[in-house]
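One structure below.
The values are calculated or read from the model by the stated rules, or taken from the named source; none is laboratory data. Please read these numbers as outputs of a predicted model, since none were measured by experiment. Don't worry about glycine lacking a Cβ; one is built from the backbone with ideal geometry, like all the others, and counts go over all protein chains shown. Note: accessible area is taken over every heavy atom of the protein model, side chains too, but ligands, DNA and RNA are not part of it. Shrake-Rupley method; radii C 1.70, N 1.55, O 1.52, S 1.80 Å.
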Amino acid sequence: RKLIKEEREFLKIRLKALGWKVWDSQANYLFFQVPEDQDELGKKLKEKKVLIRSCSNYYGLGPGYYRICVKTRRENEQLLKAVEEIL
């Protein structure tokens, strides 16, 4: 629980620093929205062999909404590195 809590906060801070809207969570995942010009994030990450969950099919949502699992620091940093390479 301690690892998830710490890593969730780490990811939340880093994603918000990108200008993304990030919702609070008590679970082992984070829900966020990227700007319209970045709504192909999931597709671009998949090309780098990094999978995130698109939430565009959730009722009331659309492109640009995603959910990621909170993992270890190493795995979270790999995700963030891939995101930075895309942006």
>> Under the 0.36 nm per residue contour assumption, what length would be gained going from the current alpha-carbon distance of Gln78 and Glu47 to full extension?
In response: 9.7 nm
> Taking a probe of 1.4 Å, how large is the accessible area per residue of the chain, in Å²?
Replying inline: 69
> Quick one: with all protein chains in place, what share of the accessible area of the chain is carbon or sulfur, to the nearest percent (1.4 Å probe)?
Replying inline: 48
> List the lysines whose alpha-carbon lies under 30 Å from that of Lys43, not counting same-chain residues fewer than 8 positions away?
Replying inline: Lys5, Lys12, Lys16, Lys21, Lys71, Lys81
> Using the Cβ atoms and a cut-off under 12 Å, what net charge is assigned to the surroundings of Arg14, where Lys and Arg are +1 and Asp and Glu are -1?
Replying inline: +1
